[in-house]
Amino acid sequence: MGIKVVKFGGSSLADAEHFRRVAEIVRNDPKRRYVVASAPGKRTSDDVKVTDMLYHCYELVHDGKDITEYYNRIIERYNSIIRELQLDFDISGELEYIRNAILHHSGQDFAASRGEYLNSLILAKYLKFDFIDAESVVFFRDNGSYDEEKTNSVMRTELQKHRNAVIPGFYGVMPNGTIKTFSRGGSDITGSIVARAADAELYENWTDVSGFLMTDPRIVKDPLPIKVVTYRELRELSYMGASVLHEDAIFPVRNAGIPINIRNTNEPDAPGTMIVSSSGEYDANRIITGIAGKKGFSVITIEKDMMNSEIGFGRKILDVLEDNDVSFEHLPSGVDTMSVIVSSAALECNNRRERIVSSINKRVRPDSVVIEDGLALLAVVGRGMVKAKGTAARVFDAISAADINIRMIDQGSSELNIIVGVEDSDLDKALNAIYHEFVK
Ligand code: ASP
């Protein structure tokens, strides 16, 4: 029988009621043998995540302030879960130990990691699963980078000793024994690591939405859910701001060919979104998988007669950006013009704007170099575009029918996406126009 690794996010484990739902989901399928847990998330929109409370405790200690009252609120979050689940489980010793460790400057990452540690202890007890502490199976190197090979080998051996287990997400251990966390939202990464080490057939990532939507619901009303998305499409969409899953969670399972299924704990019957390596299925009605949009870009346009025949021109421009520590997003170019799209925020600090213009003037002696702000980028992403003719025309027609001026066009050579630049103020209108062109 295959194995499914299931990860539950903070909102799925925020209170006892959610713990019950989680247990039902896990028990419904015996393949769900390994569970990765986050710390308790928000119960209501104005609630505070336990991870944030722990970070705050760390800061209070750092500022020489008392944590008693604040820490008691954390204790109560866990105790209320235990009480309402009617578990015969006493974690007061653990809570006391953690309080002391935080008071004795055990480090920010240690403090933050205790949210998943405690939640996983409780969940393991409730599910009657074994508990595997992430600090014994997830490793970082001295320089702080994640040690994938060591983790995979130790985790693999450990999992084989347990029929069922709960593993806390988000953290691991440094060679000197201190705790280190991944970046925020990092329990997704732990789930992916466990799925790889377990040779799972599926990595289920349970959250509070039924998968990805085709576009931003704050801009387009009730967008359709995405049933299947490839890793490459997802990368394009998340780069542009669609976020449900931590970006680094993709790599361990992607390399191992394990699909990810994004599911909703509050709507367990919904199929959610499947993220797969490749999908051969072609639906002429769904050429577009998703549309993402992001504001806040600037265009650096460099013009020079006969630029095209000047060898090394592009490299020199990119050198200037590199020297100023600015990465570029896109590089559409014409015969005698080259445009570099960068994030406007990156230009703002340390007078970079002026430095870049003057360095470009010095290095390539252009006829002109101009920086324009206020650009929004739209990425129209779909593996179906390779087979469908006229997609670009439909995108541009929809935008022009909405009376929007296109400032830039860039089609990736993979034919997986078309990037369109419009004025910041036109983004919402453009997103709606394209969505309704493809979804009737
Ligand atoms: N609890 C951590 C955070 O809030 C990690 C996670 O939930 O994935 O970022």
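No lab work stands behind these numbers, since they all come straight from the coordinates. Nothing here was measured: the structure is a model prediction, and the numbers come from that model. All Cβ positions, even for glycine, are placed from backbone atoms using ideal geometry, and neighbour counts span all protein chains on display.
In this Cβ point-charge picture (+1 for Lys and Arg, -1 for Asp and Glu), segment 182-297 has a dipole of about 440 debye about its Cα centre. Judged by the gyration tensor of its Cα atoms, with axes a ≥ b ≥ c, segment 11-168 is oblate; a/c meets the 1.5 cut and b/c is at least as large as a/b. Distant-in-sequence amide contacts of Phe129, defined by a placed amide H-H separation under 5 Å and a gap of 5 or more residues or a different chain, comprise nothing.
I need the peptides 20-30, 189-199, 421-431 ranked by packing, meaning the mean over residues of other C-beta atoms within 10 angstrom, with the highest value on top. Walk me through the intermediate numbers first.
Numbers: 20-30: 14.9, 189-199: 26.5, 421-431: 19.3.
Result, highest mean Cβ count within 10 Å first: 189-199, 421-431, 20-30.
Across all C-alpha atoms in segment 232-299, the radius of gyration and Dmax reach 14.1, 46 Å.
For the ranges 289-298, 311-320, what's the packing order if you count other beta-carbon atoms within 10 Å of each residue, average per peptide, and put the highest first? Can you show the working numbers first?
Details: 289-298: 22.3, 311-320: 15.6.
In descending order of packing, they fall as 289-298, 311-320.
In this structure the amide hydrogen of Ile226, modeled in the peptide plane, comes within under 5 Å of the amide hydrogens of Phe212, Leu213, Met214, none closer than 5 places in sequence on its chain.
Shown here for segment 108-155: trypsin sites (Lys or Arg not before Pro) in loop regions (DSSP other than H, G, I, E, B) with at most 15 other Cβ atoms within 10 Å, namely Lys128, Arg141. Computed from Cα atoms, the angle from the helix 108-127 axis to the main principal axis of the chain rounds to 60 degrees.
To the nearest ten degrees, helix 352-364 and the longest principal axis of the Cα atoms of the chain are 50 degrees apart. Of all aspartates and glutamates in the structure, those lying under 17 Å Cα to Cα from Lys49, and not within fewer than 8 positions of it along the same chain, are Asp15, Glu17, Glu59, Glu69, Glu76, Asp109, Glu116, Asp188, Asp208. Summary of packing: across the peptides 407-414, 163-170, 335-342, the per-residue average of other C-beta atoms within 10 Å ranks them, highest first, as 163-170, 335-342, 407-414. Scaling the Cα radius of gyration of segment 80-154 by the globular reference 2.2 N^0.38 Å produces a ratio of 1.31.
Note on Lys4: lysines with a C-alpha under 23 Å away, same-chain residues under 8 apart excluded, are Lys31, Lys125, Lys128, Lys150, Lys161, Lys227.
Do any trypsin sites (Lys or Arg not before Pro) in segment 347-398 lie in a loop, going by DSSP, with at most 10 other beta-carbon atoms within 10 Å of their beta carbon, and if so which?
Within segment 347-398, the qualifying trypsin sites (Lys or Arg not before Pro) (loop, at most 10 other Cβ atoms within 10 Å) are Lys389.
Amide H contacts under 5 Å for Gly296: Leu375, restricted to partners 5 or more places along the chain or on a different chain, H placed in the peptide plane at 1.01 Å from N.
Spatially, segment 304-332 and segment 341-395 are offset by 12 Å when compared through their Cα centroids.
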